[in-house]
1. Here are some conditions: (1) in a strand (DSSP E or B); (2) modelled with pLDDT of 85 or more. Residue 115 meets all but one. Which one does it not meet?
2. Say we look at region 118-148 and pick out the residues that are hydrophobic (A, V, I, L, M, F, W, C) and in a strand (DSSP E or B); which of these is farthest from residue 171 (Cα to Cα)?
3. List the number of the failed condition for residue 275; all other conditions in (1) surrounded by fewer than 20 Cβ atoms within 10 Å (Cβ to Cβ); (2) within 30 Å of residue 143 (Cα to Cα) hold.
4. Exactly one condition in (1) buried (at least 17 other Cβ atoms within 10 Å of the Cβ); (2) among the small types (Gly, Ala, Ser); (3) farther than 20 Å from residue 248 by Cα is not met by residue 60; state its number.
5. Are there any pairs with C-beta distances below 6 angstrom linking a residue in region 151-163 that is farther than 18 Å from residue 110 by Cβ to a residue that is surrounded by 14 or more Cβ atoms within 10 Å (Cβ to Cβ), with the two at least 6 apart or on different chains, and if so which?
6. For region 69-83, what are the residues that are out of contact with any helix residue (DSSP H, G or I) (no Cβ under 7 Å at 6 or more places or on another chain), touching a residue at least 60 places away in the same chain (Cβ under 8 Å) and farther than 30 Å from residue 266 by Cβ?
7. What pairs come out if I take residues in region 226-254 that are within 23 Å of residue 280 (Cβ to Cβ) and in contact (Cβ under 8 Å) with a residue 40 or more places away in the chain and pair them with residues that are part of a loop (DSSP other than H, G, I, E, B) and among the basic types (Lys, Arg) whose C-beta lies under 8 Å away, six or more apart or interchain?
Amino acid sequence: MPIPYLSNITVFKHGITSSTLILVLGFCAPIMTLANAAEYRGGRPDTNTSRWGIGIGAISQQQGIKGIDRNTVVIPFLSYESQYVRWFGPSIDIKLPSVIIDKAQQIKFSLTGRYDFGGYDDDDIDDTPILQGMDEREGGFGIGAKAQWQNPWLDVYAQWMSDVSGDRDGHYFSLGVDKRWIFDQQIMVSPRIVAVWLDDNYVDFQYGVQSHEATVARSAYTGEATVNIELGLRVAYLFDRSSSVFIDGSITSLGDEIKDSPLVDSATENKFMLAYLYKF
């Protein structure tokens, strides 16, 4: 990872902000992919055994909000996966029966729950001029379902999530594809493309400006549903079945309804991650 992305590193401990926690949430999916990749060594992961994992990672993200600083954080993490459950931090999946198409293809289903740390708190508002005078946006708990079609050509996955805490009352749906190549049973390279549809409530909560928040420099804005497009690349090195390291980079093209918000001055967001995982 380029050194500039690791400047101003924050250690994950006390006084974490919502923007820091957004990074933690975004860390979950790549880490669980890495955890499964460590099981490959010539085949699909063995899901009939239970394994814990511990590790440490550095994550750096630049959001599209005007004037907001790049956020870099170093975090420890804990994971667990069995035949029925996959857990990582604020995210948990309950595995459902799979549909076996043939020896090389299957469709996996799961129910999922996670805490969405999106929004911004008082610290973010104080540090970002365009947010000063805005009400705090709190996170919320969401539940949903996922499906993944594994085949010899591409992995195709879809996920739907809905807020059940009442804080934002929003929904989103994501559809993505990735391709994994394993070289010498140690190096995994996996590019991906993901489309994420966000409903009007979700966009309005995150990027809207209510009438009482409007100023001369920040006009009132009501968010509408939109689609973000993410392009990403993940590279992992597997030392053995227990130990692995990976780097992941992604850039997200924001939908027009987000770019139209007076809070936003960038058409894209980006994120870089570096992590080490040990499973036992």
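1. (2)
2. Step one: list which residues in region 118-148 are hydrophobic (A, V, I, L, M, F, W, C), which gives 125, 130-131, 134, 141, 143, 145, 147.
Narrowing further to those that are in a strand (DSSP E or B): 141, 143, 145, 147.
Details: 141: 11, 143: 10, 145: 12, 147: 17 Å.
If we take residues in region 118-148 being hydrophobic (A, V, I, L, M, F, W, C) and in a strand (DSSP E or B), then 147 is farthest from residue 171 (Cα to Cα).
3. Of the numbered conditions (1) surrounded by fewer than 20 Cβ atoms within 10 Å (Cβ to Cβ); (2) within 30 Å of residue 143 (Cα to Cα), the odd one out for residue 275 is (1).
4. (3)
5. Taking only residues 6 or more apart or on different chains, the pairs are 154/177; 163/140; 163/142; 163/169; 163/170.
6. Matches in region 69-83: 76 only.
7. 238/41; 241/41
Each row is one residue, and each column tells you yes or no for (1) over 19 Å from residue 163 (Cα atoms); (2) of a type outside the set (Val, Ile, Thr); (3) modelled with pLDDT of 90 or more.
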position	(1), (2), (3)
68	yes, no, no
75	yes, no, no
93	no, yes, yes
124	yes, yes, no
137	no, yes, no
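The values are calculated or read from the model by the stated rules, or taken from the named source; none is laboratory data. Treat the numbers as computed from the prediction; the structure is a model and nothing was measured. We place every Cβ from the backbone using ideal geometry, glycine too, and count neighbours over all the protein chains shown.
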